[in-house]
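Trainee: Submitted below is the structure of interest, expressed as structure tokens.
The values are calculated or read from the model by the stated rules, or taken from the named source; none is laboratory data. These numbers were taken from a predicted model, which means no experiment stands behind them. Counting neighbours? That spans all protein chains shown, and the Cβs are built from the backbone with ideal geometry, glycine included. When the accessible area is computed, the model is the full protein with side chains, heavy atoms only, and any ligands, DNA or RNA have been set aside. Shrake-Rupley method; radii C 1.70, N 1.55, O 1.52, S 1.80 Å.
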Amino acid sequence: MFILTVAGKEKEGAYSVEDDYGDQILYLFEQEDDAERYAMMLEEESYPTMNILQVDDALMIKTCETHGYNYTIITPDDIVIPPTIGHDII
């Protein structure tokens, strides 16, 4: 799986999206190509430059569950577009 981080700030956290309830949701991309496309869309919306990191699937999910982070797995069949507001780093 792949996550997005702000380039140069990889140790500060991963990119997340705020849902309708104000909760942060970490995007876990199954495919690197999908993560790259999403990162390009973010840059077009004046977000900072993103870096794509490959992560261990089981470890990332366990970490999220242990710390109470919300996450969603983005499959190749999913269509996601960046929000105009509500991005953060978790």
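Trainee: Along the Cα→Cβ direction, 7 angstrom out, place labels at Ala7 and Thr49. What is the inter-label distance in nm?
Mentor: Placing both labels 7 Å along Cα→Cβ, they lie 0.2 nm apart.
Trainee: Sorted by average packing, counted as other Cβ atoms within 10 angstrom per residue and highest first, what order do 43-50, 4-11 take?
Mentor: Most protected by this proxy first, the peptides run 4-11, 43-50.
Trainee: Also, quick follow-up: At 1.4 Å probe radius, can you tell me the per residue accessible area of the chain in Å²?
Mentor: Computed with neighbouring chains in place, this is 64 Å² per residue.
Trainee: Continuing with this model, one more query. Quick check: from the Cα gyration tensor, does the chain come out rounded (a/c under 1.5), prolate or oblate?
Mentor: Verdict is rounded for the chain.
Trainee: Of the heavy-atom accessible surface of the chain (probe 1.4 angstrom), what whole percent is carbon and sulfur?
Mentor: Here it works out to 47 percent.
Trainee: Amide H of Ala14: which non-local residues (sequence gap of 5 or more, or other chain) have their own amide H closer than 5 Å, using H built in the peptide plane?
Mentor: Distant-sequence amide H within range of Ala14: Ile90.
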